[in-house]
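Reading through the structure tokens given below for one structure.
The values are calculated or read from the model by the stated rules, or taken from the named source; none is laboratory data. Here the structure is a predicted model, which means the values were calculated and not measured. Methodologically, a virtual Cβ is constructed for each residue, glycine included, from the backbone with ideal geometry; neighbour enumeration extends over all protein chains shown.
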Amino acid sequence: MQDLELLQEGLALMALGMGVVFVFLTVLVISVTLMSKLVGRFQPAPVAVDTGKKSSPSSVPSAQNDEVMAVISAAVHRYRSTRRR
Amino acid sequence: MDKLVTLWEGSGLYNLELGQAAMIMVGLLLLYLAIYKKFEPLLLVPIGFGGILANIPEAGLAISALDQAIEVAKPAVLQQIAAALGATLDPLANAEAWRESLKVIAHDGVAPDQVRAARDIAVGVGYSDGMLYNFYKVAIGSGIAPLIIFMGVGAMTDFGPLLANPRTLFLGAAAQFGIFATLFGAVALTSMGVMDFSLNQAAAIGIIGGADGPTSIYVSSVLAPELLGAIAVAAYAYMALVPLIQPPIMRLLTTDKERQIKMTQLRPVSKLEKIVFPLMLLILVALFLPDAAPLLGMFCFGNLMRECGVVERLSDTAQNALINIVTIILGLSVGSKLMAESFLAFETLGILGLGIVAFGIGTAAGVLMAKLMNLVSKMPINPLIGAAGVSAVPMAARVANKVGLESNPHNFLLMHAMGPNVAGVIGSAVAAGVMIKYLG
């Protein structure tokens, strides 16, 4: 008899638990969607600017890129060698 | 000659019990798995080593001053302790029998103030709490260590993929079915008379299916501290086994065509959204589920430190130095629960068995939920990412990615799988909150 009670309680906890998890995450989905829309409405510009900035450096000629790489690696090398001492 | 005998009787070899020897072997096995098989080495090395320390005979590293006194003190002290506990000792029996009966009395149905008085006697005659016992009391008994680890996990988590595709939260929710199905399984086993678990213990076992180490430790420290050792070992061992457990289930439940589904590119997520998200989650927890507040509160705090960008130093500490320090102490504390009396029981086998079932059911539920969502939504969802809904960050997401690549070498699911993956962390913390609320 007591076993049956335990079983029932387990079943109740299972239903309640899954229910709460789903309800909570559903609320979270709705609020995240709303929040994203709000943020998108009030602050659409920075995102666009960001992507614009990111795409522009890629059009730099590769020769200049190589030069920059060389300078950077030289600087890193010098920094590391001084640190080691 | 007498001195030699005393020395011999004080040696570990003389006092070694079979159970302790077996547990030292278990500790060595954990170390082997960690070092040679790379099973969650960051945790299993401290846990395995702590397990060995806890089972050193006579040293009593993992027991309280009172237990230690009961185990080794002179008969006169035993009588004092018995008086403090309000028990009478059979004057005809020998000291060994007294120790046995006192051990039972001290852990069962004695008023807390009597235990405290007995403890004072033990401390008074020069016994002190074992080192690992202190670690356990500070790190896990108070609940601090798992929460700090959760803060570090928050500081390491990028919610970008989740914010870009919030519906993946449903996958994280579905995968929590593993937790509750296992809870029910443990209860069913009890009612069939195979095992003997209380509802609290069943809940603590179920949480292994959340595939989240700190959450498992936190929940079992609240609901069933006596099973903590076995639960933590099972949780971490199975997390390491995710790449072996999940793929067969994922392949079984999906067709090759479904595995090849390509998902649309995730949109970029602005910084403001990432900052607002942890705060919003915190407010929702405060409103609906205060019992999940310790876990999710620390998680949100860690994530806010990461995303707000003005406390780099704190965020860096939370996800590196601090989490490492706490992991050491947490591991040793869990090891202290690997004492022969509590670990070498039939129940431990049950926990290990149910734990793997929990993982399997969680994976299956996540995959099936993804298939269901595919039926109703326009945006295609690859069912494989549903399996990442069991937390195990980032291992489960990597597994989803790998299985996806097997079907289509150009289909990278990793970023898509990170969404349900972190949703699983939130989901299992919510599930933990519900269970603590219901049973705590």
task = Output the qualifying pairs, or none if there are none: Cβ atoms under 6 angstrom, residues six or more apart or on different chains, first residue in region A:1-23 and more than 7 Å from chain B (Cβ to nearest Cβ) and within 11 Å of B:M435 (Cα to Cα), second residue among the β-branched types (V, I, T) and in a helix (DSSP H, G or I).
result = none
inquiry  = Quick check on B:G154: is it in contact with a Cys (Cβ under 7 Å, 6 or more places away or on another chain), assigned to a helix (DSSP H, G or I) and closer than 30 Å to A:S36 by Cα?
reply    = yes
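Here is a yes/no grid of residues against (1) within 14 Å of chain A (Cβ to nearest Cβ); (2) within 14 Å of B:G355 (Cα to Cα); (3) crowded, with 24+ Cβ neighbours inside 10 Å:
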site	(1), (2), (3)
B:F184	yes, yes, no
B:A204	yes, yes, yes
B:I217	no, yes, yes
B:P248	no, no, no
B:L253	no, no, no
request  = Among what's in region B:122-172 and is of a type in the set (F, W, Y) and within 14 Å of chain A (Cβ to nearest Cβ), pick the residue that is farthest from B:G424 (Cα to Cα).
outcome  = B:F159
key: Number of the condition not met by B:A388 [criteria: (1) in contact (Cβ under 8 Å) with a residue 60 or more places away in the chain; (2) aliphatic (A, V, I, L, M); (3) surrounded by fewer than 24 Cβ atoms within 10 Å (Cβ to Cβ)]   = (3)
remark   = Note: among B:L189, B:L244, just one is closer than 29 Å to B:F299 by Cα and more than 18 Å from the chain's Cα centre (by Cα), namely B:L244
query = Only one of these conditions is not met by B:M373: (1) closer than 24 Å to B:Y218 by Cα; (2) within 13 Å of chain A (Cβ to nearest Cβ); (3) surrounded by fewer than 24 Cβ atoms within 10 Å (Cβ to Cβ); (4) of a type in the set (A, V, I, L, M). Which number is it?
reply = (1)
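Which of the helices (runs of 4 or more DSSP H) found entirely inside region B:1-103 contain at least 1 residues meeting this: modelled with pLDDT under 90 and farther than 21 Å from B:Y133 by Cα? Break it down stepwise before answering.
On the way: elements: B:2-9, B:12-15, B:18-36, B:41-54, B:65-72, B:75-85.
Per the criteria, B:2-9, B:12-15, B:75-85.
Residue by residue, here is whether (1) over 30 Å from B:K257 (Cα atoms); (2) within 20 Å of the chain's Cα centre (by Cα); (3) of a type outside the set (V, I, T) holds:
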| site | (1), (2), (3) |
| --- | --- |
| B:L287 | yes, no, yes |
| B:A292 | yes, yes, yes |
| B:L314 | yes, no, yes |
| B:V357 | no, yes, no |
| B:A365 | no, no, yes |
| B:M379 | no, no, yes |
| B:I385 | no, no, no |
inquiry  = Against the definition (in contact with a Phe, Trp or Tyr (Cβ under 7 Å, 6 or more places away or on another chain) and within 22 Å of B:S142 (Cβ to Cβ)), how does B:G335 come out, yes or no?
reply    = yes
ask   = What pairs come up if the first residue lies in region B:116-129 and is closer than 16 Å to B:A106 by Cα, the second is modelled with pLDDT of 90 or more and surrounded by fewer than 20 Cβ atoms within 10 Å (Cβ to Cβ), and their beta carbons are under 7 Å apart, counting only those six or more places apart or on different chains?
value = none
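Condition check ((1) at pLDDT below 90; (2) in contact with a strand residue (DSSP E or B) (Cβ under 9 Å, 6 or more places away or on another chain); (3) under 20 Å from B:M395 (Cα atoms)) across all residues:
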site: B:A174; (1), (2), (3): no, no, yes
site: B:F177; (1), (2), (3): no, no, yes
site: B:A204; (1), (2), (3): no, no, no
site: B:I207; (1), (2), (3): no, no, yes
site: B:G210; (1), (2), (3): yes, no, yes
site: B:G229; (1), (2), (3): no, no, no
site: B:Q246; (1), (2), (3): no, no, yes
ask   = So B:A188 fits all but one of (1) touching a helix residue (DSSP H, G or I) at 6+ places or on another chain (Cβ under 7 Å); (2) within 12 Å of chain A (Cβ to nearest Cβ); (3) within 26 Å of B:V425 (Cβ to Cβ); (4) not basic (K, R); what number is the exception?
value = (3)
query = Residue check: is B:P394 under 23 Å from B:L163 (Cβ atoms) and either touching a strand residue (DSSP E or B) at 6+ places or on another chain (Cβ under 7 Å) or within 14 Å of chain A (Cβ to nearest Cβ) (or both)?
reply = no
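Please determine, by comparing only the residues of region B:280-313 that are part of a helix (DSSP H, G or I), out of contact with any helix residue (DSSP H, G or I) (no Cβ under 7 Å at 6 or more places or on another chain) and not charged (D, E, K, R), which one is farthest from the other protein chains (Cβ to nearest Cβ). So that I can check it myself, show each step before the final result.
Keep residues of region B:280-313 that are part of a helix (DSSP H, G or I), which gives B:280-288, B:290-308, B:312-313.
After this cut, where a residue has to be out of contact with any helix residue (DSSP H, G or I) (no Cβ under 7 Å at 6 or more places or on another chain) as well, the list is B:283, B:287, B:290, B:312-313.
Narrowing the set further to residues that are not charged (D, E, K, R) leaves B:283, B:287, B:290.
On the way: B:I283: 9, B:L287: 9, B:P290: 12 Å.
Only one residue tops the list, namely B:P290.
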inquiry  = Quick test for you: out of B:V393, B:V425, pick the one residue that is in contact with a Ser or Thr (Cβ under 8 Å, 6 or more places away or on another chain), part of a loop (DSSP other than H, G, I, E, B) and within 17 Å of B:G209 (Cβ to Cβ).
reply    = B:V393
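Confirm whether B:P41 is surrounded by fewer than 19 Cβ atoms within 10 Å (Cβ to Cβ), under 28 Å from B:P243 (Cβ atoms) and within 20 Å of the chain's Cα centre (by Cα).
Judged against the criteria, B:P41 is a match.
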message = touching a residue at least 40 places away in the same chain (Cβ under 8 Å) and within 15 Å of B:E341 (Cβ to Cβ): is that true of B:A62 in this structure?
response = yes
